[in-house]
Structures are given as C-alpha cells and as structure tokens.
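Have a look at the structure below, then the notes.
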Ligand SMILES: [Zn+2]
C-alpha cells in the first residue's frame, strides 16, 4: 500500500513539473508591453492603457489592461506614459554600405525599399537579414535601374542599359529570375520600352517604380506603374503638349517644369492616379536639399556617423556639382511649393503619399533623414497621423506587404517603436525613441549607438 502511494505521489510531481516547465518555456517566448498608448497605424484613434502581446516574431494579441492576463513567466515591460507606433518604412534608399543597417535601426526604420544598387550586394544582404544571419531592416530591392543609356552621378554603376524593347524585356525577365522585389525605370526610356517593361514585370508579378521624365506620369499611370519616385513625371504631365523627347536628363539641373504647369489640369491627373492606385513618393528631403545652401547641409551633426568615404564623396559633390544643380534657388523654392500644393490636393482627394528619402544623397543620413521627411510632410500640410501612415500603412500596402507590415495588428510581424512623447502632438517626437522592436526582438538603442561610434573611431 505504501509503495502505491509513493508511485501516485511521484506521478503527480511529474505532472506538476511538466506543467511548470511547459508554461515556463512558453512564457519565456512571450513579450508583453503594458500600459502604453497604442497608435496602431490603421488611422483609428489611439488606444490608451494597451496591452501588446508578442510571441516570437509576431503580434499575438492586442488588448487593454484589466482585460488580459499575461501568461505566467512572460517577459513584461511596463511602458506607461509612452507611445507605440509601427516600425517606419523608407521607400527610397540606396543601401550602398552594410553599415547603414545600424543607422536605420537606430532610428526605428525597420523596412526599406532600395531603388538602385549592385544586385549581388543588395540581394544577398536582403537574404542574410531575412535569414537572421545579420541584423538590419527588412529590404525590398530593385537592384539595377533600367534606362536606355547610362545615367550620370553616383547611380551610373547601378544602371543597366536596354537599347530596345526586346532587350528591355530580357532584362526584366533576368531580374525576375534573380528574385528582385521591384523594377525601377529611369528618365530617358521611351514609351514603347516602358510599356514592354511594365508588361513583363506584371507577368512576373513585380511592381514597377519610376523616376520619370520623357514618359510622363499620366502615361506611366495608364501603362500600370505603381510608384512615382521623387514625385517625378507629374509636372511633365501637367504641361500638356510639350514633349521631352531628348529629355534633358539631368532633371536636377534643368528642371523648371513646375514653374510652367497648368493648375487647371491638377484634378484630372489626380483622379487618374487614384483610379489607378498610384502612390507618390514625395521625397521632400531631396527638394529641401536643393533649396538649402551647401553650408546648411554640411552642418548636419549626424554626418559624422557615416563612413569616411561617403563623407568625402559628399564634400566633393557639394563643392562641384551641387552648386550647379541648385544655383537657381528661386526655381527650387517655387518647384517645392507647387509640388506641395499638388500633393496636398492629391491627399485630400484620397491619394496616398509615401515617405522616401533617397539617402545617402548628400548629407541625408540613413534613418535620420526619414524623420526629416516626416517633418517636411507635416510642414507641407499633412497631419502627424497622415504622415505616420505614409511611413507605415501606405508604404506596406505599396510593397504588397499589408498582411505582414505597416500596422500593429494581431498576426503581423512585430516591428514597432516605443516613443517617449506623443507623435500626434508633434511629429518630431518620432525621434524620441525609447525602444525598438524588430521582428519581435528588442534592440538596445544605447548599445547600438555606442557600437556605431566605436566602428567610426576604428575607421578613422
Ligand atoms: Zn534614388
């Protein structure tokens, strides 16, 4: 009899221990954020005293305090008084240096779209980040830029030249085989080639982004383009009959197009964009850099966080080409103002603006520049919430990633930022980041900053 009792006791102890360990290990994988104000990116009003449950890399549940009891042993962080927003997305970067990874993450940029790069480099970096081998933002990439001739400036090495529609078609199908996420087309491509490229890209289910001029945004929209980079091709479409056959392709030097646009044509074009679900990457940081003088740009305190070779490149640029490009300040001031008027009207009629910076365009530091873009969008007339949605929900939509990214909802990837101040009160509060969570993993911001400084020192 005594033996039986001992056996029963042992079995009970075993059951108790297994329940304990199951809960222990289950709980260990769960992170709970309690008490913060959730701005989920959907456009809904903020949820105070929220509870966000993260399991592995996903958002498992969203609830309110008092309505949810976190699992035993879960790691719980009290974020009372703080604000949670989705991870930010920069829709136009040139990720030319692996060291940018830390700068993006440091600033809460958890996804980027690369719009021109060396295919070997960017696609392998993308895959390494996806596999968790290296830490960095999630990358979506076009790799090459397709044009019918080599383009000047720094991007020349990333151009692939298509001389006729047949070559263009082959390039797109080759890039599709390499598994690119986007196709990027450029300034001087003629219409028949743009048509061929978009058709071939559609066949491969790849969206097309355009830095346009010769083919204007009206034609590109009708052909099926998805995003307008730097808001290009719009002024050309508003000009009417004028053609850009020999597309003075240094748009940055010659662009006075916005000075002559026909405002009567705004509504028509905007309605076409909305019907065709076109997204505009406003890229006001770039236009702002044309308005500023070289000195103002050089004074960017974060420039020192960039590698020496990039900083040297910037200095060369400022002292030579930049001055030519931006000499006519009045032109650029009016250009920016007209563009902003157009964007505001586009937004008011239901159009979606995206955030893109073109970093590392001179003195635009990865990550930091996205916060600058947000501020410029608000200055142009967007509400802070609208600007945030540009950098989150709308960008995820344009990427065909609305199932995974862009908002804080159950089932999505846990990319989010915890801010110390309310971004809806002042958009510059997006810079006051307490904590970054990327794919469910907490990133220690202080350590990351110190390691960036350390790497810089070593390079010097
Ligand atoms: Zn670019």
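Observations on the structure shown:
- Top-ranked residue of segment 161-204 - restricted to ones that are surrounded by 17 or more Cβ atoms within 10 Å (Cβ to Cβ) and modelled with pLDDT under 95, ranked as nearest to residue 144 (Cα to Cα): 186
- Any chance residue 386 is surrounded by fewer than 20 Cβ atoms within 10 Å (Cβ to Cβ) and either farther than 25 Å from residue 103 by Cβ or within 16 Å of the ligand (Cβ to nearest atom) (or both): yes
- Single condition residue 146 does not satisfy, out of (1) modelled with pLDDT of 95 or more; (2) away from the ligand (no atom under 16 Å from the Cβ); (3) outside any helix (DSSP H, G or I): (2)
- Residues that are outside any helix (DSSP H, G or I) and surrounded by 14 or more Cβ atoms within 10 Å (Cβ to Cβ) within segment 259-270 comprise just one, 261.
- Test: residue 404 is in contact with a strand residue (DSSP E or B) (Cβ under 7 Å, 6 or more places away or on another chain), surrounded by fewer than 21 Cβ atoms within 10 Å (Cβ to Cβ) and without any contact (Cβ under 8 Å) to a residue 40 or more places away in the chain: yes
- Screening residue 435 against (1) assigned to a strand (DSSP E or B); (2) more than 25 Å from residue 81 (Cβ to Cβ) leaves a single unmet condition, (2).
- Among residues of segment 2-31, those that are modelled with pLDDT of 70 or more and within 44 Å of the chain's Cα centre (by Cα), counted: 3
- Pair list, Cβ under 7 Å, 6 or more apart: segment 107-125 residue touching a residue at least 40 places away in the same chain (Cβ under 8 Å), other residue away from the ligand (no atom under 12 Å from the Cβ) and in a helix (DSSP H, G or I): 107/368; 107/370; 107/371; 109/370
- Residue match in segment 61-71 (condition: closer than 30 Å to residue 356 by Cβ and at pLDDT 95 or above): yes
Rundown of residues vs (1) surrounded by 20 or more Cβ atoms within 10 Å (Cβ to Cβ); (2) within 16 Å of the ligand (Cβ to nearest atom); (3) touching a residue at least 60 places away in the same chain (Cβ under 8 Å), yes/no style:
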| site | (1), (2), (3) |
| --- | --- |
| 327 | no, no, no |
| 344 | no, no, no |
| 348 | no, no, no |
| 352 | yes, no, yes |
| 355 | yes, yes, yes |
| 358 | yes, yes, yes |
| 361 | yes, yes, yes |
| 370 | yes, yes, yes |
| 373 | yes, yes, yes |
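- Extreme residue, farthest from the chain's Cα centre (by Cα), among residues of segment 91-102 that are more than 16 Å from the ligand (Cβ to nearest atom) and surrounded by 20 or more Cβ atoms within 10 Å (Cβ to Cβ): 102
- Of all residues in segment 359-388, those satisfying the criterion of being under 14 Å from residue 109 (Cβ atoms) and outside any helix (DSSP H, G or I) are 359, 360, 364, 365, 366, 367.
- When residues of segment 271-319 are limited to those that are in a loop (DSSP other than H, G, I, E, B) and closer than 26 Å to residue 220 by Cβ, the one farthest from the chain's Cα centre (by Cα): 276
- Test for residue 35: is it modelled with pLDDT of 95 or more and surrounded by fewer than 18 Cβ atoms within 10 Å (Cβ to Cβ): yes
- Selection count, segment 178-235, where residues are without any contact (Cβ under 8 Å) to a residue 60 or more places away in the chain, in contact with a strand residue (DSSP E or B) (Cβ under 9 Å, 6 or more places away or on another chain) and under 21 Å from residue 358 (Cβ atoms): 13
- Selection from segment 207-230 of residues that are buried (at least 24 other Cβ atoms within 10 Å of the Cβ), under 22 Å from residue 143 (Cβ atoms) and more than 16 Å from the ligand (Cβ to nearest atom): 215, 220
- Residue identified as surrounded by 24 or more Cβ atoms within 10 Å (Cβ to Cβ), more than 16 Å from the ligand (Cβ to nearest atom) and modelled with pLDDT of 95 or more among 105, 88, 125: 88
- Exactly one residue out of 391, 396 is in contact with a helix residue (DSSP H, G or I) (Cβ under 8 Å, 6 or more places away or on another chain), assigned to a helix (DSSP H, G or I), away from the ligand (no atom under 16 Å from the Cβ) and closer than 17 Å to residue 114 by Cα, and it is 391.
- For the residues 112, 134, the requirement of being more than 16 Å from the ligand (Cβ to nearest atom) and either touching a strand residue (DSSP E or B) at 6+ places or on another chain (Cβ under 8 Å) or within 30 Å of residue 30 (Cβ to Cβ) (or both) singles out 134.
- Residue count for segment 180-206 satisfying the condition of being away from the ligand (no atom under 16 Å from the Cβ), touching a helix residue (DSSP H, G or I) at 6+ places or on another chain (Cβ under 7 Å) and assigned to a loop (DSSP other than H, G, I, E, B): 2.
The values are calculated or read from the model by the stated rules, or taken from the named source; none is laboratory data. Just so you know, these numbers come straight off a predicted model, no measurement behind them. FYI the Cβ positions are ideal-geometry reconstructions off the backbone, even for glycines, and counts take in every protein chain you see.
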